[in-house]
Amino acid sequence: MEPTVIYEEPDFLVINKPGGLIVHGEHPSVVDWLVKEYPEAKKVGDDPEERPGIVHRLDRDTSGVMVIPRTQETFSFFKNLFQTKEIKKKYIALVYGVPREAKGTIDKPIGLNSGSTKRTVFVKNAKMVKEAVTDYEVLRSFEIGGVPVSLVAVSPRTGRTHQIRVHMASIGCPIVGDTLYGPKKQGVAAPRQFLHAESVEFPTPRGNRITVSADLPPELAALIS
């Protein structure tokens, strides 16, 4: 299980990360693959010992596009793009139920539950509370085995940990396959959480703006076919 390169320039890559592969911190990881295939990335980043070349992350069970800088200069460039919200990310998610609004914005701060790694929008007693804004649009609603579900396009304006998962659950539409923020007993038998980073749009260091996309992986596509 390894990432695939879907776009490459001399100073950065865009990869398609498979679901189930962690970005860093365990083995195997995206970082293990990166330093083997692109050894120059070993010295890149805020903490190259721990997470070389990593300027943003996807959850272990989320698949899709990730931008990987190959030089320190490009790392600083992309870090600034993320901080100034100049990178547009679009995800595809399958959620339980049908959102009340076909198109909407979820503007709810997210914090960390005390003594837990779980995030929450109920921030009165939470720690590390930060602004979080997510736009979504329902693509279609249907049933799988009698269970109502909706396929949604989701664009986070901020980059909080678990943001899409927490925000969709907060409107009563948790992501199918997500047992942390959704039902422990899932009504739909998904191989993993149905969340895929479909595309990323950004200006390159040379000033041209590009969009790079990754198709829905077969294990998720099969669930909605």
- Message: Checking the structure you have, find out if any residue of region 148-158 is crowded, with 17+ Cβ neighbours inside 10 Å, outside any strand (DSSP E or B) and either in contact (Cβ under 8 Å) with a residue 40 or more places away in the chain or assigned by TED's automatic domain parsing to the domain that holds Ser63 (or both).
- Response: no
- Note on the structure: Looking across region 54-83 at residues that are over 17 Å from the mean Cα position of the chain (by Cα) and assigned to a loop (DSSP other than H, G, I, E, B), the single one that is nearest to Arg192 (Cα to Cα) is Arg70
- Is region 189-203 home to any residue that is without any contact (Cβ under 8 Å) to a residue 60 or more places away in the chain and among the charged types (D, E, K, R)? no
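Considering only region 118-134, how many residues are among the hydrophobic types (A, V, I, L, M, F, W, C), surrounded by 13 or more Cβ atoms within 10 Å (Cβ to Cβ) and out of contact with any Leu (no Cβ under 7 Å at 6 or more places or on another chain)? Please lay out each step first, then the result.
Of the residues in region 118-134, the ones among the hydrophobic types (A, V, I, L, M, F, W, C) are 121-123, 126, 128-129, 132-133.
Of the ones still in play, those that are also surrounded by 13 or more Cβ atoms within 10 Å (Cβ to Cβ) are 121, 123, 126, 129, 132-133.
Next, only the ones that are out of contact with any Leu (no Cβ under 7 Å at 6 or more places or on another chain) stay: 121, 123, 129, 132-133.
The number of residues fulfilling the criteria is 5.
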- Message: I need every pair where a residue in region 92-114 that is of a type in the set (S, T, N, Q) has its Cβ under 7 Å from the Cβ of a residue that is in a loop (DSSP other than H, G, I, E, B), sequence separation at least 6 or different chains.
- Response: Asn113/Ala126; Ser114/Asn125
- Is it the case that Lys79 is surrounded by fewer than 19 Cβ atoms within 10 Å (Cβ to Cβ), at pLDDT below 95 and within 20 Å of Arg209 (Cβ to Cβ)? no
- Any residue at all in region 191-203 that is under 18 Å from Lys88 (Cα atoms), touching a Lys or Arg at 6+ places or on another chain (Cβ under 8 Å) and small (Gly, Ala, Ser)? yes
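Could you tell me whether any residue of region 30-42 is outside any helix (DSSP H, G or I), under 30 Å from Gly177 (Cβ atoms) and free of Cβ contacts under 8 Å to residues at least 60 places away in the same chain? Step through it out loud before you land on a result.
The initial filter retains those residues of region 30-42 that are outside any helix (DSSP H, G or I), namely 38.
If we keep only those that are under 30 Å from Gly177 (Cβ atoms) as well, we get none.
No, the conditions are met nowhere in region 30-42.
If the requirement is being surrounded by fewer than 18 Cβ atoms within 10 Å (Cβ to Cβ) and outside any strand (DSSP E or B), which of these qualifies: Glu143, Glu137, Glu86? Show your work before the answer.
Numbers: Glu143 fails: outside any strand (DSSP E or B); Glu137 fails: outside any strand (DSSP E or B).
Matching residue, one of Glu143, Glu137, Glu86: Glu86.
Which of the residues that make up region 96-110 are over 15 Å from Thr134 (Cα atoms) and not aromatic (Phe, Trp, Tyr)?
The initial filter retains those residues of region 96-110 that are over 15 Å from Thr134 (Cα atoms), namely 96-98, 100.
Hits for region 96-110 are Gly97, Val98, Arg100.
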- Message: Being of a type in the set (Val, Ile, Thr) and within 27 Å of Lys85 (Cβ to Cβ) is the filter here; which residues of region 1-56 pass it?
- Response: Val5, Ile6, Val14, Ile15, Ile22, Val23, Val30, Val31, Val44, Ile54, Val55
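The values are calculated or read from the model by the stated rules, or taken from the named source; none is laboratory data. Note that the structure is predicted; figures quoted are calculated from it, not measured. Counting neighbours? That spans all protein chains shown, and the Cβs are built from the backbone with ideal geometry, glycine included.
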